[in-house]
Every structure is written in C-alpha cells, then in structure tokens.
1. Rolling a 1.4 Å sphere over the protein heavy atoms, what is the accessible area per residue of the chain, to the nearest Å²?
2. Would you be so kind as to identify which of Ser12, Ala45, Tyr70 lies farthest towards the positive end of the dipole of the chain, taking Lys and Arg as +1 and Asp and Glu as -1 on Cβ and the Cα centre as origin?
3. Computed from these coordinates, which is Kirkwood radius over Cα pairs in Å: (i) 20.6; (ii) 18.3; (iii) 18.9?
4. Cross-link partners among lysines for Lys136, C-alpha distance below 23 Å, same-chain residues fewer than 8 apart left out?
5. Work out the FRET efficiency for Asp121 and Asp180 from their Cβ-Cβ distance, taking R0 = 25 Å, and round it to the nearest 0.05.
6. Label points 7 Å out from Cα along the Cβ direction at Leu47 and Gln84: separation in nm?
7. Through the Karplus equation 6.51 cos²θ - 1.76 cosθ + 1.60, θ set to phi - 60°, convert the phi angles of segment 27-41 into ³J(HN,Hα) values in whole Hz; use x for Gly and Pro.
8. If you place +1 on the Cβ of every Lys and Arg, -1 on the Cβ of every Asp and Glu, and leave all else neutral, what size is the dipole of the chain about its Cα centre, to the nearest 20 Debye?
Amino acid sequence: MTLHVLIPCSKSKSIDASDDLTWSAKMTRDAWLAAWTSSMVKTPADLLYKGRIFVEQMRLCSEHEDVKVYIISAGAGLIHPPGQAIPSYEATFQNSASIAHQHWTNLPLGGLEKLILNSGDQVLCFAPPAYQRALKGDPRYHEVCPTLIVLSSSPLAGEATTVLNVHPRAKEVLKVSSRDLNTHLLRLYLSGGEGAFDSLYRDCLVLPVAKMRRSIGDEELRELISKAPPEIRKSISRTVRYIRRECHVSSIDTRIRKILLEVRGDS
C-alpha cells in the first residue's frame, strides 16, 4: 500500500520569477502556458521551493518508504516527481488576482491524472483550504474521493472517505502555532495513523477549561508587550504565546509582531 501525500508549494523560492510568469489580473491561461513553455531557466521543484513548512513536510515524507509526494502548485498544477524541473513563478489561489480554480486542470503540469492508484492506496491532503478547493474541479476528483484522507476542517471533508477528527484545541496539546499545526498533524499521521489522531483528541478532552481571551486596542497591547520580561521580547513566537496565554488577549500573530518590533526599535 502506498500513501500519496499532496503538499502545498511555497511562496518563497530560490530563484525570482520573471515578469511573464507573475500572475496578475490581466494574465490569461494561454499567455501563462506560453511563458511557461518558453522559459529557459528551470529548477527541480524540491529545490526551487524553500519555505520552511514545505521543506519540513518534504523531510517528513522522505522518512517513509511507502510515501509518494506530490506538490500542489497554483502555477504548475500537480508536480510529480518532486524533482521535476520547473521555471520560477508567482501565482496563488489566495487572492482576487489569483489563478481561478477552473484553470486547475489546464495548468502546465496537469492535475490528479498523475495519481496512479493501486488497490489499497490512499491519498492524504492536509494542504490549506484554498489548495484543496482547487482539486474539486479536477475531472478525476470523484474517483480519488474513496481513497482520500483529510482533516475534519477540510473543505473536502463532506466527500472524502477518511476524515480525521481534529479538536479545536489540538495545537495546545501539540504546543505548536496555527501556522505549524498541519505539519505536526502530518508527522502524527505518518508515525501513528488514525490511532494517533484518536489519542490526540482524547488528550484535548481533558484540557482545563480555556480562559476567555479579550480584545484590546493597539495602545494597551503595546503596554503589555513593553512590560513583558526581556527574555520574552527577544522572541516573536514567545511574545505571541505570552500575550495569548499569560495575558489572555486575542490578537493575530502579525499584529503582535508589528508592535513588538516597534517596541524593540527593530521596525
């Protein structure tokens, strides 16, 4: 049995994209395909993407012989093998100027037809929701559904055969940030399968009742950060945890980071 793991590409790349491979509101599918085909500079995909999450997820998958990796790319399509050479590009499923999901199957490298599934094989996808929604327009999507493993928060959960129930407080038990949660869940599944998820859910059920977090303005947040211990302020991640867990304040990471840098004089 082979586990086919679909992981997201990363915005960070080792080579900058050319202007003709930067998707904008004026870009057309035909122009994109022409620029892709004519590009003379190509790099193995697993070396082109250098985002921390991508690198870590690739490393996790490489530790298991029965795992095949496919990269979901808003500019390329479904990349397999991961070492396939591609040009650098800028494209995303995330904003209004992005490649429309209906273009998914017309991207340069195609889509789910790359999945050659044998009896007993499964397909796992913990990629961000925007990437998973792109898969729904693939002609082979409903063929893949009987083999699909997703999280309970996935937009594909209603159709996938295997849905792993993830408690809203899972990141407290795993002691990870929201940004890194899916990577840790991937590690959990690769090492322990569905049983590991059942155990994680039970651990979440015995957590103390969560204290309510309050919303505050920038001035009060700046005061809290200013009064935080110096060893806390040295680290952005430790400051985020301090504000949320010790001060019981609700605030997004980027807002805390911005004010912390102002307090430290790093902005």
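1. Numbers: 14010 Å² over 267 residues.
Value returned for the chain: 52 Å² of accessible area per residue.
2. Result: Ser12.
3. Read-out taken from this structure: (i).
4. Within the straight-line cut-off, Lys136 pairs with Lys11, Lys68, Lys114.
5. It comes out at approximately 0.35.
6. Simple spin-label model gives 1.8 nm for this pair.
7. 5, 10, 4, 5, 5, 5, 5, 5, 5, 5, 5, 7, 4, 8, 9
8. Details: 34 positive and 29 negative charges, 204 e Å.
Once rounded to the nearest 20, the dipole reads 980 debye.
The values are calculated or read from the model by the stated rules, or taken from the named source; none is laboratory data. Keep in mind the model is a prediction, meaning the values are calculated, not measured. Cβ sites come from the backbone with ideal geometry, for glycine too, and all protein chains shown count toward neighbours. These area figures cover heavy atoms from the full protein model, side chains too; ligands, DNA and RNA do not enter into them. Shrake-Rupley method; radii C 1.70, N 1.55, O 1.52, S 1.80 Å.
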